[in-house]
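The values are calculated or read from the model by the stated rules, or taken from the named source; none is laboratory data. Since the model is a prediction, treat every value here as computed from it, not as a measurement. Note that we place each Cβ from the backbone using ideal geometry, even for glycine, and neighbour counts take in every protein chain shown. Ligands, DNA and RNA are stripped out before the accessible areas are found, and what is left, the full protein with its side chains, is counted by its heavy atoms. Shrake-Rupley method; radii C 1.70, N 1.55, O 1.52, S 1.80 Å.
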Amino acid sequence: MNKREFKDKVYDELAKITKAMANPHRLEIIELLAQGDYSVEQIAIQTNLSVANASQHLQVLKTAQLVDVARNGNFIHYRLADPNVFKAWKALRELGVERIASIDKLVKDFRKSKFTLESVTIDELIQKIESGKITILDVRPETEYSKGHIANAISIPFDELSERLKELPKRNEIIAYCRGPFCVFADEAVAMLAKAGYKAKRLEEGFPDWAVMGLPVESN
């Protein structure tokens, strides 16, 4: 094998990864699986795809070795093959927001049209935790919380929040988080909390961003 053939083969193999990720549904699946393992039926529900379409996308990701299959008896679940898969998605997401003005505008316009909220970064949340006067609220589904969450976070899924507001202390500032910057559970939660008289902000990033930084996490 000469030098040109070597380079062609290496770049061809690497291109298989980018080809597998070059689909909006597959990017959403990667972000979902960053929360924990899911069955194809659960993925279909969460991404508003048919089971057949979700399965096809998962097979593409599996062929590119971006997801693995975990079997538990008769149940089959998918999970990210390696933490670096989420890191690649995170880097792509951040590059897109930074370099493609339409993405940043789309996110800002959507939030301005629906919410007038403040947000905090992970670094700012760390500083607030040190003050000891905040409550961290995880508004993802309970199954995702149980697989992993920010240490000491309280779990109240968004669809239960209106009935469980009294469980949250009004004396503390509440920082709500969900799956990531494109997830709106936290925005909706903060809007609800603010209307009820709570001082609340959303975390700009999501749980996987926190975890990949090596910050304290817990699981049930």
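On the accessible surface of the chain, probed at 1.4 Å, how many percent belong to carbon and sulfur atoms?
Here it works out to 52 percent.
So what is the accessible area of the stretch 47-191 per residue, in Å², with the probe set to 1.4 Å?
58 Å²
Counting only helical runs of four or more DSSP H residues, what would the 222 nm mean residue ellipticity of the chain come to if each run contributes -39,500 (n - 2.57) and the total is spread over all its residues?
So the helix-based figure for the chain works out to -16500 deg cm²/dmol.
Please get the size of the charge dipole for the stretch 150-208, origin at its Cα centre, with Cβ charges of +1 on Lys and Arg and -1 on Asp and Glu, quoted in debye to the nearest 20.
Rounded to the nearest 20 debye, it is 300 debye.
In sequence order, what are the phi-derived ³J(HN,Hα) couplings for the stretch 86-94 according to the Karplus relation 6.51 cos²θ - 1.76 cosθ + 1.60 with θ = phi - 60°, rounded to whole Hz, with x for glycine and proline?
Couplings: 5, 4, 5, 5, 4, 5, 5, 4, 5 Hz.
Specify whether the C-alpha gyration tensor of the stretch 112-211 places it in the rounded, prolate or oblate class, a ≥ b ≥ c being the square roots of the eigenvalues: rounded for a/c under 1.5, otherwise prolate if a/b is larger than b/c and oblate if not.
Rounded.
Given an 8 Å cut-off on Cα distances and at least 6 residues of separation, report the relative contact order of the stretch 63-220 as a percent.
With pairs under 8 Å counted, the relative contact order is 23 percent.
Of T47, H77, L61, which is farthest towards the positive pole of the stretch 18-79's charge dipole, taken about the Cα centre with +1 and -1 on the beta-carbons of Lys, Arg and Asp, Glu respectively?
Highest projection toward the positive end goes to L61.
Going by amide H atoms built from the backbone, whose H comes under 5 Å of the H on I154, apart from near neighbours?
Residues meeting the criterion, in which the H sits 1.01 Å from N, are I136, L137, D138.
Which of the GluC sites (Glu not before Pro) found in the stretch 75-176 are loop residues per DSSP with 11 or fewer other Cβ atoms within 10 Å of their Cβ?
Passing both the DSSP loop test and the Cβ count: E118.
Below 8 Å, C-alpha to C-alpha, sequence gap of six or more: please give me the relative contact order for the stretch 38-143 in percent.
15 percent
Rounding to the nearest 10 and keeping the result within 0 to 90°, find how far the Cα-based axis of helix 51-63 lies from the longest principal axis of the chain.
It works out to around 60 degrees.
Which entry is the computed Cα Rg over 2.2 N^0.38 Å for this structure: (i) 0.97; (ii) 1.12; (iii) 1.02?
Of the labelled values, this structure produces (ii).
Under a point-charge model restricted to the Cβ atoms of Lys and Arg (+1) and Asp and Glu (-1), what is the dipole moment magnitude of the chain relative to its Cα centre, in debye to the nearest 20?
Once rounded to the nearest 20, the dipole reads 380 debye.
In debye, nearest 20: dipole of the stretch 1-81 around its Cα centre with unit charges on the Cβ of K, R (+) and D, E (-)?
With Lys and Arg at +1 and Asp and Glu at -1, about 320 debye.
Looking at the chain, what % of its DSSP beta bridges pair antiparallel, to the nearest 5?
45 percent
Out of all DSSP beta bridges in the stretch 128-220, what portion is antiparallel? Express it as a percent rounded to 5.
Within the stretch 128-220, antiparallel bridges account for around 15 percent of the total.
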